[in-house]
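Bear in mind these aren't lab numbers, they're just calculated from the coordinates by the rules spelled out. Note that the structure is a prediction, hence the values are computed from the model and not measured. Reconstructed Cβ throughout: ideal geometry from the backbone, glycine too, with neighbour counts over all protein chains shown.
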Amino acid sequence: MNRHSAREFREQSPLNRRNFLRQTILASVAAGVSSGIPLHALAMECQLADTPRTLINFMLKGGADLRFLFMPAPGHQNSSYRDLLWTARRSLYDTAYANYQQMFDNEYLLTTDPGTGFQFGIYRRAAWLKAQFEQGRVAIVANAFCSRNRRHDQSVLNADAGEPDFDVLNIDRDGWGGRLVEFLGNDANSVELGNSVSTFNKGSRAGARLEQVVHAQDMRNIALASPDRNSPASRRNILARALGAYYDARGQEVAAEKPANWPYHAFFQHNSALRAFGAMVEDRLAVCEPLPEDLANLQLGSAEFAQQCRNLFDVCQIPDALNLGVVSMNYDGWDTHNNEAFEIGGNLQDIFDEGAGLATTASAIETLPFLERPASSQLVFYFASDFGRQIVANGAAGTDHGRGTYSLLIGDAIRGGIYGEMFPDREARPEQGGQVPLQTHGADIEGLTSTERILEAAANWVHPGAGSAVFPNAGFSGLEPGVDFSALFRS
Amino acid sequence: MRCCKRFILSMSFWFLLAISSAWGQATQDPGTSPDPDSLPGRTIFDGLETISANDWDTAAVRRVLQAFAFGGHARDAQIEAWAAMKPNAAIIQMLSFRPVNRRLSSPGHGPLAVRCNSLTDLQALWSSDDPANPMRVTDRPFYSLLNEDQMQLSHLGLFLVWSRAMHTRGCNPFLHKMAFYLTNYHASIHIQNAGVALIRDYYDDTVAALASGNNFVDLMTSAARNGALAMAYGHFTNYVDPRDGEFHGNDDFAREYFQLLFGIQGTTEDVDYHENVSIDNNALLLTGMFLDMEPERFGSQSRFDWFVSPINFSDHIDASGRQIYNRSAHSDFRIGALSCLEILHEQICGGTAIVKLRALGPVAAAHPESMANTPLKIIRFFADNTITADEALALQAAWGDADYDLLKFVRAYAVSTLFHSPGTFKYWSAFERNLLIYNAVILNNEESFARPFFAGPVVQMYEQGALAFAPIRDVFGGQTGVDAANDRYVFKNAWGANVSNPDILAAFQLPYQLAPDGAPKLWQKDWGSVIPTNANGEHIVGEVAEWLWNRFITDGGENFDPVARAQVHSLLATGFDFAAVVDRANLDATFSSTEIVEGPAAEVNAVLAAMAMNFGNPDEQLKVGMAINFISMLPYTFATGGAIK
């Protein structure tokens, strides 16, 4: 009791006690609050831990036209298909191109599937992706679908939920990342590296959907401002203590007193996560590798994506601290109704070019020390988007909302190659009614393979048995004839 | 007729009430009818049951102001006066679309009020040397319309002006919150896609349309014809070649017109019909919408800034000398008014896009999906994140009764038992939370303008992911309350704002000048001017604490628990946290509710609560500021209401 003993306090009458207290309080404040608390300094070394098998859900927000990323080689066996495709999409490219060959030579890199020898083009500004494909680390799943509609909000929700047929626009629900970490155990976390926590991360318990989510928007600045110990009487420290004491005391009480649907639980959870967990993360990282120069100075069109790349590197330094289960990343700006080549070209370069986001991050992660398994071997990127886009260009040098698309998976664990018919001949043939899709405004890539099938295999790679638990409908969902994902992963 | 039987009855009842009372406040005579609408003491207003006079108190009034007007700027006496009125009468005074609502936000004297319905005018005034400009001199350049270094329109000026307008007395915060909803959430676009001039025009046009009494259909038609949307979605270059009738353009807005403006997702339509008839034909409708240019508009050298709205739908030569073919670039222009497109199963006819848009608006608004979704979208934004199926039915019926009158609908909801129920719950976005806090902190316009922009809410909002005219989901709108609640960095940055920079909210004096060579002025805070004294003419800590809690958190003290009280008492009485007062050798001590109610800490708390404050001492102003920093970082400023349903 402020330099006075409890006994001294108790021995006084209530009235006297109050006068006594009043004087003591004022004297105390006048004298100021002294320091004397030992500095919190722990000598630590970077604690090595292997990264577990980790899926990184990479959302391309806006509905990416991945048909732009991949185009047939000029020598494509079905020349009719190639010609119709060129006619359907030539307005996306520089009008100066005289023919498909000229366009292809300028815009695409001739790429060979190492398994089959099939040749096609990958957009020139995605040179890292081409190299990864030719090294057998990229799976391209053609004719995939993650939703049945063309609406951004509903389709993103479908993709995040991992349920193409979910038709209710309700974001208060679980995502497939949340379900996967729940399967992995109560300690596992879904780690969001972007600016906002997506539905993908959310768990299945209403009112506690963020319980197994770590929001790591900036891994090196993740803790709450706390008392700095040097000047305990500063207003900063007074407020930090007052708020900290409040959240500590009431946090325990409301956890016991209030019903699960009490909405303010979320903020007590934020406090405890950021204070205890955030401080620990910052302490751990402080004694680990600094950000490599290339990564620290990474300059991309999207500053947010560059920060996500830095976050991913740091995540791989302390996977045990995060109880890493799955990771969520995103890149915005794929709704390319107008001037698609300009918009999508920059995006693809940011993510997939040599020296750009993923290449720099992957190189940096390869340098990390490890115990038994390098982190670089434990990560698999899965690329999702709202939907694909229509296969015929619109009249504004862009493409409008479609449905079917390509799914991409990248990682050492991936058995690379093309799964499904990459450039379906049917798009160049008359359908019932006589219309040829590549000559029909509004035609889609036909979605044949549900992303549930792909993700089921991916979840099973993370942990045997996870696939059917996280994607219970996968076994009944669409699968393109001839496609088999049983060997999509190497082990 | 969209209404179900219950609402036909309700309407009839309301009509009778309207006859018996100018405000429709009469209480029905107790009877035996099983109809719940006719139970004793209940009144019906546009399909929603009105809160009883007994439940309509100052907390209810504050709850309305928080949800619909960023807290408003009304003084306590006005709030008490509204609480003493019948709710249906009070709400008409509280929520109006008049540019100036003196009861809600009194502009005081001067020319400010007449300009407050236009961000363009506000920027022009606040960046000027006009003697009537109340802005501190050092801040004026930041509000300039033009970035003179780059000779193009200033993004910063626009970001700053909206935020400051929301805490300026005289700018009707309900009108502006509705305009903000419509332009940044409902029919949202992003500044990077529309440019500064067009998006500001869009906002100003929306404010003007609301102030003119436009209904929802008119507002959506105005949005659909607005140059800012045409630029952002890219359909300003859509055209039908008159030579061959070929369409050139995209179908982006053709789809989002239905989904975003009217809530029609097409789920009740045949998919092929919706995709291939309604959307495709709407893309044809949205042709001939080129924007005029006005060279060097606002002095900008950037051609992107020269675009003007509204669109002139004729064939003409614009101010820049360009030939604009908005009539002949429109679908089927050769047959003029006979040109029709089938959309939503109706023939939409007209010789230009605007004629067809005027015809399509009522059809879209009356579509069952629009009638079902639009009211829910509005109420989710303003007031309730979790609407149950039964509540949805009531809202949908009320929307039908309102006949697209947005003001009538919102007023009815704001005094309804639906809103004033324990189950109503809403997370605040960082826009809302920070404006609620600053509107409670700032006591008058001298303070508002004496504060540099960085001592206002705009920086906090930005750091917490909320920037006006830069919605995080682009056309799907800005940060929602749910977004903010789910984002730990919003919490972290809010914490950082209060803990690392407590002097911003706690500022109690600031020097400023109103002219470069003018006399220096000193703004000084006087909490004593608004915090009531007790019967003895004293400001007692415990009473001041209660007053502050009710000012910042409108829960009637429900969550003002002993732990919070102890900290607020301590900060008000001493400027120190409770642990420092109890035992400065143990600054990390925490005290449970039980410890504060019983035992030695309880005595300390009681003494602190009983201490008198002397607002003549500037230190006391600072102590109030410290208490505000504490209160405004508690969970109860991130949300309002009782439970997630």
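What area, in nm² and to one decimal, does the C-alpha convex hull of chain B cast on average over all directions? Don't jump to the answer; show the numbers that get you there.
Numbers: hull surface 130.6 nm².
So the mean shadow area of the Cα hull is 32.6 nm².
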If one computes the Cα centroid of region B:487-511 and of region B:281-347, what distance in Å separates the two points? 47
Let's test this: bin the Cα-Cα distances of region B:125-284 at 10 Å from zero up to the farthest pair and state each bin's percent. 9, 31, 30, 18, 9, 3, 0
Pick out, from A:ALA487, B:ILE531, B:ALA353, the residue whose Cα sits farthest towards the positive end of the charge dipole of the protein assembly as shown, with +1 on the Cβ of Lys and Arg and -1 on the Cβ of Asp and Glu. B:ILE531
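Over region A:40-197, what per residue volume does the convex hull of the Cα atoms give, in whole Å³? Working shown, then result.
Numbers: hull volume 34.7 nm³, N = 158.
Once divided by residue count, the hull of region A:40-197 is 220 Å³.
Given the C-alpha atoms of region A:169-236, compute the convex hull and give its volume per residue in Å³. Intermediate values should be presented prior to the final figure.
Working: hull volume 9.4 nm³, N = 68.
Spelled out: Cα convex hull of region A:169-236, divided by residues, is 138 Å³.
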For the Cα atoms of chain A, what angle does the longest principal axis make with the long axis of helix A:303-317, in degrees from 0 to 90, nearest 10? 70
Please compute the contact order of chain B in relative form: average sequence separation of alpha-carbon pairs under 8 Å and at least six residues apart, divided by the residue count, as a percent. 14
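Would you mind giving the average projected area, over all directions, of the Cα convex hull of region B:40-197 in nm² with one decimal?
On the way: hull surface 44.6 nm².
It is 11.1 nm².
Going by how many other Cβ atoms sit within 10 Å of their own, how do A:MET280, B:MET633 line up, fewest first? Before the final figure, lay out the partial values.
Working: A:MET280 14, B:MET633 25.
The most exposed by this proxy come first: A:MET280, B:MET633.
From the helices alone, meaning DSSP H stretches of at least four residues, give me the mean residue ellipticity at 222 nm for chain A, per-run term -39500 (n - 2.57), in deg cm²/dmol to the nearest 500. The partial results should precede the final answer.
Numbers: 18 runs with 176 residues, N = 491.
Dividing the helical sum by the residues of chain A leaves -10500 deg cm²/dmol.
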What order do you get for B:356-365, B:283-292, A:201-210 when each peptide is scored by the mean count of other beta carbon atoms within 10 Å, highest first? B:283-292, B:356-365, A:201-210
Toward the positive end of the charge dipole of region B:376-516, about the Cα centre and with charges on Cβ (Lys, Arg +1; Asp, Glu -1), which of B:GLY496, B:LEU407, B:GLN464 goes farthest? B:GLY496
Where a Cα-Cα gap under 17 Å defines reach, which aspartates and glutamates qualify for A:LYS202, not counting those fewer than 8 residues away within the same chain? A:ASP153, A:ASP160, A:GLU163, A:ASP172, A:ASP174, A:GLU182, A:ASP187, A:GLU192, A:GLU211, B:ASP483, B:ASP487
Electrostatic dipole magnitude of region A:45-101 [Cβ: Lys, Arg +1; Asp, Glu -1; Cα centre; debye, to 20]: 300
Let me check against my output: what whole-number percent is the relative contact order of chain A, with C-alpha pairs under 8 Å and at least 6 apart? 27
Relative to the compact-globule scaling 2.2 N^0.38 Å, provide the ratio for the alpha-carbon radius of gyration of region B:392-517. 1.35
Can you compute the radius of gyration and Dmax for region B:443-504, using only the Cα atoms, both in Å? 13.4, 37
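Within 10 Å of each Cβ in peptide A:246-255, how many partner chain Cβ atoms are there on average? Round it to a whole number, please. Show your work: numbers first, answer last.
On the way: counts 14, 6, 5, 15, 10, 2, 3, 6, 3, 0.
The mean count of partner-chain Cβ atoms within 10 Å per residue comes to 6.
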Going through B:LYS521/B:LYS623; B:LYS177/B:LYS408; B:LYS377/B:LYS408; B:LYS86/B:LYS408; B:LYS86/B:LYS177; B:LYS492/B:LYS623 one by one, the pairs whose alpha carbons sit over 21 Å apart turn out to be B:LYS521/B:LYS623; B:LYS86/B:LYS177; B:LYS492/B:LYS623
Taking Cα atoms only, helix B:368-382 is inclined relative to the longest principal axis of chain B by an angle, in degrees rounded to 10, of 30
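Under the definition of Cα pairs under 8 Å and six or more residues apart, what whole-number percent is the relative contact order of region B:492-645? If you can, show how the numbers build up before the last one.
Working: 180 pairs, mean separation 50.7, N = 154.
After rounding, I find 33 percent.
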Whole-Hz Karplus couplings 3J(HN,Hα) for region B:79-95, θ = phi - 60° and coefficients 6.51, -1.76, 1.60, Gly and Pro as x, run 5, 5, 5, 5, 5, 7, 7, 5, x, 5, 7, 4, 5, 5, 6, 6, 10
Mind checking the dipole of chain A: about its Cα centre, +1 per Lys or Arg Cβ, -1 per Asp or Glu Cβ, Debye to the nearest 20? 1960
Over all residues in A:389-397, what is the mean tally of Cβ atoms on other chains that come within 10 Å of each residue's Cβ? 4
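Taking other Cβ within 10 Å of each residue's Cβ, how do B:TRP399, A:TRP86 sort, fewest first? It would help to have the intermediate numbers written out before the result.
On the way: B:TRP399 29, A:TRP86 20.
Lowest to highest Cβ neighbour count: A:TRP86, B:TRP399.
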Going by a ≥ b ≥ c, the root eigenvalues of the Cα gyration tensor, does region B:292-377 fall in the rounded group (a/c under 1.5), the prolate group (a/b larger than b/c) or the oblate group? oblate
Tell me what chain B gives for mean residue ellipticity at 222 nm when only DSSP H runs of n ≥ 4 count, each as -39,500 (n - 2.57), the sum divided by the residue total, rounded to 500 deg cm²/dmol. -12500 deg cm²/dmol
Among DSSP beta bridges lying fully in the protein assembly as shown, give the percent that are antiparallel, nearest 5. 60
Once you wrap a convex hull around the alpha carbon atoms of region B:309-461, what is its projected area averaged over all directions, in nm²? 14.8
Can you tell me how region B:151-228 classifies by the Cα gyration tensor, rounded, prolate or oblate, using a/c under 1.5 as the rounded cut? oblate
Once you have all Cα-Cα distances for region A:87-176, histogram them in 10 Å bins from zero and send the whole-percent values. 14, 28, 26, 26, 6, 0
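In Å, what Kirkwood hydrodynamic radius results for region B:588-638 from the alpha-carbon pair distances? Write out the running numbers ahead of the final one.
On the way: mean 1/r = 0.0770 Å⁻¹.
Kirkwood radius, region B:588-638: 13.0 Å.
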Along its principal axes, what span do the Cα atoms of the protein assembly as shown show, with the longest given first and each in whole Å? 100, 78, 74
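Which whole number gives the average count of other chain Cβ atoms within 10 Å of the Cβ atoms across peptide B:477-488? Numbers along the way, then the final one.
Values: counts 1, 0, 1, 1, 0, 2, 4, 1, 7, 14, 8, 19.
Mean shielding count: 5.
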Considering the options A:ALA49, A:GLY162, A:GLY447, tell which one lies farthest towards the positive end of the dipole of the protein assembly as shown, charges being +1 on Lys and Arg and -1 on Asp and Glu at the Cβ, about the Cα centre. A:ALA49
Ranked highest first by the average count of other Cβ atoms within 10 Å around their residues, in what order do B:473-480, B:529-536, A:172-179 fall? A:172-179, B:473-480, B:529-536
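Ranked by Cβ crowding within 10 angstrom, fewest neighbours first, how are B:LEU571, B:LEU95, A:LEU300 ordered? Please report the intermediate quantities before stating the final value.
On the way: B:LEU571 30, B:LEU95 24, A:LEU300 21.
Least crowded to most crowded, the residues run A:LEU300, B:LEU95, B:LEU571.
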Between the helical axis of A:340-352 and the dominant principal axis of chain A, each derived from Cα atoms, what acute angle in degrees is found, rounded to the nearest 10? 60
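Normalise the Cα radius of gyration of region A:365-491 by 2.2 N^0.38 Å (N = residues in it) and let me know the number.
Working: Rg = 18.0 Å, N = 127, 2.2 N^0.38 = 13.9 Å.
In units of the globular-protein estimate, region A:365-491 measures up at 1.30.
Sort B:247-255, B:500-508 by the packing proxy (mean of other Cβ within 10 Å over each peptide's residues), most packed first. Walk me through the intermediate numbers first.
Details: B:247-255: 24.3, B:500-508: 19.8.
Final packing ranking: B:247-255, B:500-508.
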Give me Rg over Rh for region B:211-297, both radii from the alpha carbons and Rh done the Kirkwood way, two decimal places. 1.03
Please report the base-10 log of the normalised intensity I(q)/I(0) for chain A, using a Debye sum with one equal scatterer per alpha carbon and no solvent, at each q in 0.06 (1/Å). -0.35
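Suppose we take every Cα in region B:534-611 and form the convex hull; what volume per residue is that in Å³? It would help to have the intermediate numbers written out before the result.
Working: hull volume 7.4 nm³, N = 78.
For region B:534-611, the hull spanned by Cα atoms encloses 95 Å³ per residue.
Only Lys, Arg, Asp and Glu count, each charged at its Cβ (+1, +1, -1, -1), so figure out the dipole size of region B:376-448 about its Cα centre, rounded to 20 debye. The partial results should precede the final answer.
Working: 6 positive and 9 negative charges, 31 e Å.
In total the dipole reaches around 140 debye.
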